[in-house]
Amino acid sequence: QKEVEQDPGPLSVPEGAIVSLNCTYSNSAFQYFMWYRQYSRKGPELLMYTYSSGNKEDGRFTAQVDKSSKYISLFIRDSQPSDSATYLCAMGGANNLFFGTGTRLTVIP
Amino acid sequence: EAGVAQSPRYKIIEKRQSVAFWCNPISGHATLYWYQQILGQGPKLLIQFQNNGVVDDSQLPKDRFSAERLKGVDSTLKIQPAKLEDSAVYLCASSLGGGSNQPQHFGDGTRLSIL
């Protein structure tokens, strides 16, 4: 079983839609949860960082962590064409980060 | 703040040849990581340095890959000899300290194609 599972998509939505991206994990020792955005031919860019269960909001982005279900989500409100990218979840315990495979999102104008 | 710098951006070589990648982390970041990202997959850690010491190289194919960070700043990753399955993007990342509680900042990577 992989440490982190992420639906690879691709996901295509119209501009203005609410987007939900999800990851599940198996290791209950994971404490730190991150979402990275990766544009084509660029490196991953840190988008959100949380270390506890609950919600964290930053502008149009909300990260949600449910440790009891080992499930994390990223919500994007009022999605824009500039949000078109691959979104990677990442999580870890004391040491290494484990990445999901990424979900490719396209927002259609 | 300048980001993580990597070079070259692209490299094409034939199998069995050697290749080297260079990384300059964000100033003041003690921890440096090299990742391999195969198309359609998430980054996979190859090696982690804390200053100039190796913290984790458990997933580095040591028969062909080597890495060094001699002065605790810049780092190089080398592949010799290259195999077809080494075609990937090699990403360098840095963080203030080790541990997954420290957000990692990535460079744009070196895209390696093996013919």
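The values are calculated or read from the model by the stated rules, or taken from the named source; none is laboratory data. This one's a predicted model, so the numbers in the text were calculated from it and none came from an experiment. Backbone-built Cβ (ideal geometry, glycine too); neighbour counts: all protein chains shown. Just the protein is used for accessible areas: all its heavy atoms, side chains included, with ligands, DNA and RNA removed. Shrake-Rupley method; radii C 1.70, N 1.55, O 1.52, S 1.80 Å.
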Restricted to segment B:92-104, and to residues that are crowded, with 21+ Cβ neighbours inside 10 Å and within 12 Å of B:Pro25 (Cα to Cα), which residue is farthest from the other protein chains (Cβ to nearest Cβ)?
B:Ser94
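Check segment B:44-55 and report whether any residue there is away from chain A (no Cβ under 14 Å), in contact (Cβ under 8 Å) with a residue 40 or more places away in the chain and among the β-branched types (Val, Ile, Thr). Don't jump to the end; show me each part of the working.
Taking segment B:44-55 first, the residues away from chain A (no Cβ under 14 Å) are B:51-53.
Imposing the further condition that a residue be in contact (Cβ under 8 Å) with a residue 40 or more places away in the chain reduces the set to none.
No, because not a single residue in segment B:44-55 is away from chain A (no Cβ under 14 Å), in contact (Cβ under 8 Å) with a residue 40 or more places away in the chain and among the β-branched types (Val, Ile, Thr).
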If you go through segment B:64-91 one residue at a time, how many are of a type outside the set (Gly, Ala, Ser), open to solvent by less than 50 Å² (accessible area, probe 1.4 Å), more than 14 Å from chain A (Cβ to nearest Cβ) and not in a loop (DSSP other than H, G, I, E, B)?
5
Among the residues that make up segment B:21-34, is at least one of them more than 25 Å from A:Met48 (Cβ to Cβ), in contact (Cβ under 8 Å) with a residue 12 or more places away in the chain and in a loop (DSSP other than H, G, I, E, B)?
no
Would segment A:97-106 turn up any residue that is crowded, with 21+ Cβ neighbours inside 10 Å, of a type outside the set (A, V, I, L, M) and more than 25 Å from B:Gly98 (Cα to Cα)?
yes
May I ask you to list the residues in segment A:60-95 that are crowded, with 20+ Cβ neighbours inside 10 Å and within 15 Å of A:Glu3 (Cβ to Cβ)?
A:Ile72, A:Leu88, A:Cys89, A:Ala90, A:Met91, A:Gly92
Only one residue in B:Gln37, B:Gln17 is within 11 Å of another protein chain (Cβ to nearest Cβ) and either open to solvent by 80 Å² or more (accessible area, probe 1.4 Å) or modelled with pLDDT of 95 or more (or both). Which one?
B:Gln37
Only one residue in A:Arg104, A:Arg77 is among the charged types (D, E, K, R) and away from every other protein chain (no Cβ under 14 Å), so which one is that?
A:Arg77
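Residue-wise test of (1) at the interface with chain B (Cβ under 10 Å from one of its Cβ atoms); (2) open to solvent by 50 Å² or more (accessible area, probe 1.4 Å); (3) assigned to a strand (DSSP E or B); (4) not aliphatic (A, V, I, L, M).
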{"position": "A:Thr24", "(1), (2), (3), (4)": "no, yes, yes, yes"}
{"position": "A:Phe33", "(1), (2), (3), (4)": "yes, no, yes, yes"}
{"position": "A:Arg37", "(1), (2), (3), (4)": "no, no, yes, yes"}
{"position": "A:Arg41", "(1), (2), (3), (4)": "yes, yes, no, yes"}
{"position": "A:Leu46", "(1), (2), (3), (4)": "yes, yes, yes, no"}
{"position": "A:Ser52", "(1), (2), (3), (4)": "no, yes, no, yes"}
{"position": "A:Glu57", "(1), (2), (3), (4)": "no, yes, yes, yes"}
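How many residues, within segment A:1-19, are in a loop (DSSP other than H, G, I, E, B), closer than 13 Å to A:Thr101 by Cβ and open to solvent by 40 Å² or more (accessible area, probe 1.4 Å)?
Just the residues of segment A:1-19 that are in a loop (DSSP other than H, G, I, E, B), to begin with: A:1-3, A:7-10, A:15-18.
Then drop every residue that is not closer than 13 Å to A:Thr101 by Cβ, which leaves A:2-3, A:7-10.
So of that shortlist, the ones also open to solvent by 40 Å² or more (accessible area, probe 1.4 Å) come out as A:2-3, A:7-8, A:10.
Of the residues in segment A:1-19, 5 are in a loop (DSSP other than H, G, I, E, B), closer than 13 Å to A:Thr101 by Cβ and open to solvent by 40 Å² or more (accessible area, probe 1.4 Å).
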